[in-house]
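Colleague: First, the structure itself, so that you have it in front of you.
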Amino acid sequence: MADLLQELELQIAGVKTAATRQNVGVIREVGDGVARVEGLTDAMLNEMLDLGHGITGLALNLEETEVGVIILGDYTQLQENDEVRTTGKLLQVPVGKSLLGRVVNTLGEPLDGKGPIESQVFYPVEKLAPGIIRRSPVRQPVQTGIMAIDAMIPIGRGQRELIIGDRSTGKTTICIDTIISQARLNKAAETSGDKDYRPLYCIYVAIGQKQSNIARIITVLEQAGAMPYTIIVASPASDSATNQYLAPFAGAAMGEWFMDNGMDALIIYDDLSKHAVAYRQVSLVLKRPSGREAYPGDVFYLHSRLLERAARVGEIETQAGDVSAYIPTNVISITDGQIYLETDLFYQGMRPAISVGLSVSRVGSAAQLKAMKQVAGQLKGDLAQFRELAAFAQFGSELDAKTQAQIDRGKRIMEIFKQAQYSPIPVQTQVAIIWAVQNGYLDDVPLNRVKEFQIKLTEYLSTRKPELLARIAEEKALDAGLTADVKATTDEFKQTWS
């Protein structure tokens, strides 16, 4: 009898220790990727919820009697009165160098068929931005390889730059060129063993784009050898609005790992207008009150809390957002400058179609190499003046020799700024070409042969004078001796060119 009592006591003790308290609710309503759940008393904002059937949800609306949940997965498997459990975890994504070269979805799961992501580190998707004290000034450049940008609208590591323009004006091309340019610089530094150069890793977040476009971008990056330094977070148009809304935040978390570990990252959101549309869709289904153009009132906060996560702290993260046909003033007020692409320029054959007058970098020449500053300091002013004079000259009035010379010089500058897509130019080559233009070496070259002159000069420099380009890259400034060498080289080339 004593043995039986002892056994019963042990079983009761075992039951007591095994009991756990769990917060369980039930689905009251489900549809359009959103569920309303009753009975969850302790759910946290952005907490992952277990909806059963292997489906995860995210608590987005915490109301008095119910929780609004956005569903990450196939919501058609869910029904009313299904049980929902809290997990006590915030939404996290895998981070780290193991993601480089991979194409992943919003949750960091592979889409490229190259096997699982081997990462032991996870970062929360939502995170507070670094405070003012932790931020460092923007001083180190991001070389986009696009001459018009590097010369006149410099972008620095730690800066947020907006790319704005109508459909099909080349916004994505600028972003892809920048990734290719960084990959080439990273590769060159690895080959030469340059310990001072900090590689810049790239994260490209594709939001609401056609899958064919995303596939084309991946192909371009693979052919350019840029994928080993790049992570692609893809949330295509066929994805749910929930995934499209979360994609930029997942990309930001991946970039923050590089930032926290003393590395540099460039993150590109393509594009934030589609992101705002996805957020509007989620908010309307959750019955949040809508405001202007049916966007919820916190759509401004949506982008500010995302873009403010870019900072130069331990070191950097640079972010470029792309907004087309959506209240652009919102994002212009958050970012540190914008590159404006003009449709008229695009159709006139000026590609990239960068409007010099409307584009601005609020970091300015602080993020430029000194050599570029020396040769391109007056460029923006010269081009603005050229625009005014060219408009005046259209009236057919006679122009004095000085005005005509300014117009001719402006036309040649515009010509050298034309650049084929996916072919970024190294900054040292840019410096040599702009120096030649500014010092009158192209003034007597016929306008229709300016591009030919530029291509031949680039070939001449890279094949016969690589040591000169290396010196410009190394010294980062044009002293009297280096300027004399650039002049002598350009004179030599001009004599051979006909």
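The values are calculated or read from the model by the stated rules, or taken from the named source; none is laboratory data. Just so it is clear, the structure is predicted and the values come from calculations on it, not from any experiment. With ideal geometry, Cβ positions are generated from the backbone for all residues, glycine too; neighbour counts draw on all protein chains shown. Protein only, heavy atoms only, side chains kept; ligands, DNA and RNA dropped before computing areas. Shrake-Rupley method; radii C 1.70, N 1.55, O 1.52, S 1.80 Å.
Colleague: Between residue 477 and residues 5 or more places away or on another chain, which pairs have amide H atoms under 5 Å apart, with H built 1.01 Å from N, and which residues are they?
Modeller: 371
Colleague: Right, next: For the chain, give the percent of accessible area contributed by carbon and sulfur heavy atoms, probe 1.4 Å, rounded to a whole number.
Modeller: 53
Colleague: When all C-alpha to C-alpha distances in region 385-446 are sorted into bins of 10 Å, what percent of pairs does each bin hold, rounded to whole numbers?
Modeller: Whole-percent P(r) values from 0 Å outward: 19, 44, 27, 10, 0.
Colleague: Now, a different point. Please name whichever of 180, 115, 86 sits farthest to the positive end of the charge dipole of region 82-187, dipole taken about the Cα centre and charges placed at Cβ: Lys and Arg +1, Asp and Glu -1.
Modeller: Towards the positive end, the residue furthest out is 180.
Colleague: I need two numbers for region 151-197: Rg to one decimal and Dmax as a whole number, Cα atoms only, in Å.
Modeller: 13.9, 42
Colleague: For the chain, what does -39500 (n - 2.57) per DSSP helix run (n ≥ 4), summed and divided by total residues, give at 222 nm, in deg cm²/dmol to the nearest 500?
Modeller: Roughly -13000 deg cm²/dmol at 222 nm, from the helical runs in the chain.
Colleague: Once the other residues with Cβ under 15 Å from the Cβ of residue 297 are scored (Lys, Arg +1; Asp, Glu -1), what is the net sum?
Modeller: +3
Colleague: Roughly how big is region 406-476's charge dipole about its Cα centre, with Cβ charges of +1 (Lys, Arg) and -1 (Asp, Glu), in debye to the nearest 20?
Modeller: Here region 406-476 has a charge dipole of around 120 debye.
Colleague: Let me ask something additional. Kirkwood Rh and Cα-based Rg: tell me the resulting Rg over Rh for region 249-311, rounded to two decimals.
Modeller: 1.08
Colleague: Here's another thing I want to ask about it. List, in the order given, every pair from 402/487; 402/476; 171/380; 127/380; 195/380; 456/476 whose Cα-Cα distance in the structure shown is over 28 Å.
Modeller: Over 28 Å apart, Cα to Cα: 402/476; 127/380; 195/380.
Colleague: Shifting gears a bit: For the chain, with every protein chain kept in place, what is the accessible area per residue (1.4 Å probe, Å²)?
Modeller: 46
Colleague: Still on this structure: Which angle between 0 and 90 degrees, to the nearest 10, do you get for helix 211-223 versus the longest principal axis of the chain when only C-alpha atoms count?
Modeller: The angle comes out at about 60 degrees.
Colleague: Quick one: angle between helix 171-192 and the longest Cα principal axis of the chain, in degrees between 0 and 90, rounded to 10, please.
Modeller: Its long axis makes an angle of about 80 degrees.
Colleague: Still on this structure, please answer the following. Helix 2-18 versus the longest principal axis of the chain: what is the Cα-based angle in degrees, 0 to 90, to the nearest 10?
Modeller: The helix 2-18 is inclined about 30 degrees to the chain.
Colleague: Above 15 Å lies some portion of the pair distances; for region 110-177, what is it as a whole percent of all C-alpha pairs?
Modeller: Tail of the P(r) past 15 Å holds 73 percent of the pairs.
Colleague: Further question: Can you tell me the Rg and Dmax of region 169-231, counting just the alpha carbons, in angstroms?
Modeller: 12.8, 40
Colleague: Bin width 20 Å, alpha-carbon pairs only: give the P(r) of the chain as whole percents, running from 0 to the bin holding the largest distance.
Modeller: With 20 Å bins starting at 0, P(r) equals 21, 47, 23, 8, 2, 0, 0.
Colleague: Let me know the charge dipole size of the chain about its Cα centre in debye, to the nearest 20, where only the beta-carbon of Lys, Arg (+1) and Asp, Glu (-1) is charged.
Modeller: Here the chain has a charge dipole of around 1540 debye.
Colleague: A follow-up question, please. Under a Cβ-only charge scheme (Lys and Arg +1, Asp and Glu -1), can you give me the dipole magnitude of region 233-292 about the Cα centre, in debye to the nearest 20?
Modeller: 580
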